[in-house]
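Let me begin by presenting the structure, written as structure tokens, before commenting on it.
Each value in this text was obtained by applying a stated rule to the coordinates, not by laboratory testing. Since the structure is predicted, the reported quantities are computational estimates derived from the model, not experimental observations. With ideal geometry, Cβ positions are generated from the backbone for all residues, glycine too; neighbour counts draw on all protein chains shown.
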Amino acid sequence: MRDDYTVLRTRLVQRLKKEGRITNQDVEDAFLSIPRELFIPQSKRSYAYVDTPLDIGNGQTISAPHMVAIMVEELLLEKGQKVLEIGAGSGYHAAIVASIIGPGGNVYSIERISSLATTAKENLYHAGISNVEVIIGDGSMGLETYAPYDRIYVTCAAPVVPKPLIEQLTIDNGVLLIPVGEMICELQRIIKTTTDLKKEYLGGCAFVPLIGKYGY
């Protein structure tokens with residue numbers, strides 16, 4: 001079955017490249033190297049390489065592969081960066097990012113649901129990912145402990161951009177990627193410099209809501 005998954009993974013990546021979702025070689029390599037099936041409940045693994053979100057329990061989902069591809073491409077990731085993820089889910093998105101930034105970089109991922117955090121840690125371990133730390137907490141408040149971050153991305157929809165995430169972003173061209181709105185929302189990219197914030201609108205998307213002090 002492992003060989004079957006590899007074939008399906010390769011076909012998915014080829015499709016995402018054809019659609020223009022994947023254009024960066026590091027992103028392509030990450031998608032080919034990370035086994036998505038390990039981050040999906042056993043009962044749903046036959047759908048691991050169908051380009052659709054899947055239920056992972058507790059009212060949460062693992063994003064569709066094309067959405068993960070869009071987000072990691074738009075994050076402008078580089079080797080060795082320090083990244084904050086809001087919403088660990090099953091750990092798949094963090095695994096892709098961790099692969100792109102390499103062993104010299106680190107991903108800190110906040111998950112408010114303890115059972116999902118535990119599962120994400122287990123999934124990352126089984127996938128051989130060692131540069132992701134999963135922390136239980138209110139992601140809408142960010143994670144001051146390791147701030148500032150080169151990149152911050154949010155895997156759930158916020159009513160507005162949480163102020164702590166802006167504050168915890170490095171001023172040296174730090175990038176925040178966040179869906180804003182209710183369910184059907186707008187993906188925004190905010191680039192922070194020493195003088196201002198540059199906001200870009202990257203199109204519509206659908207995410208579960210961000211829950212917390214600065215969320216819903």
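For each pair in K192/K213; K163/K199; K44/K121; K82/K192; K163/K192, compute the distance between the two Cα atoms and list the pairs where it is over 21 Å.
Pairs exceeding the cut-off: K192/K213.
Apply the a/c threshold of 1.5 to the C-alpha gyration tensor of segment 127-182 and tell me whether it is rounded, prolate or oblate.
Oblate shape, in that a/c is at least 1.5 and b/c is the bigger or equal ratio.
Using Cβ contacts closer than 10 Å as the measure, can you line up D26, D55, D196 from fewest to most?
Going from sparsest to densest Cβ surroundings: D196, D55, D26.
Please report E144, E37 as a ranked list, fewest other C-beta atoms within 10 angstrom at the top and most at the bottom.
If I rank by nearby Cβ atoms, fewest first, I get E144, E37.
Under 10 Å, Cα contacts only: if you run a Gaussian network model on the chain, which one of I190, I86, I96 comes out with the highest mean-square fluctuation?
Highest fluctuation of the listed residues: I190.
Determine ³J(HN,Hα), in whole Hz, for all residues of segment 101-114 in sequence, where each value follows from phi through the Karplus function 6.51 cos²θ - 1.76 cosθ + 1.60 and θ = phi - 60°; x replaces Gly and Pro.
Values, residue by residue: 7, x, x, x, x, 9, 10, 10, 10, 9, 9, 7, 9, 4 Hz.
Run the simple label-point estimate for D55 and T145 please: 7 Å along Cα→C-beta, distance reported in nm.
Calculated label separation equals 3.2 nm.
How big is the shadow of the Cα convex hull of the chain, averaged over all directions, in nm²?
10.7
Need the full-extension length gain, L202 to A64, defined as separation in residues times 0.36 nm minus the C-alpha distance. One decimal, nm.
48.0 nm
For the pair T195/R45, report the inter-label distance in nm, with labels modelled 7 Å from Cα in the Cβ direction.
The answer from the label model is 5.4 nm.
Pull out the extension gain between S130 and E186, defined as 0.36 nm times the separation in residues minus the alpha carbon to alpha carbon distance; nm, one decimal.
The span from S130 to E186 would gain 17.0 nm if fully extended.
At what distance in angstrom do the alpha carbon centres of segment 1-30 and segment 171-213 lie from each other?
Segment 1-30 and segment 171-213 have Cα centres spaced 26 Å from each other.
For I135, list long-range residues whose amide hydrogen, built 1.01 Å from N in the peptide plane, is under 5 Å from its own amide hydrogen.
S109, I110, E111
Hey, what did segment 1-144 get for relative contact order, percent, Cα under 8 Å, at least 6 apart?
20
Arrange M67, M141 by Cβ neighbour counts within 10 Å, fewest through most, would you?
Ordered by Cβ neighbours within 10 Å, fewest first: M141, M67.
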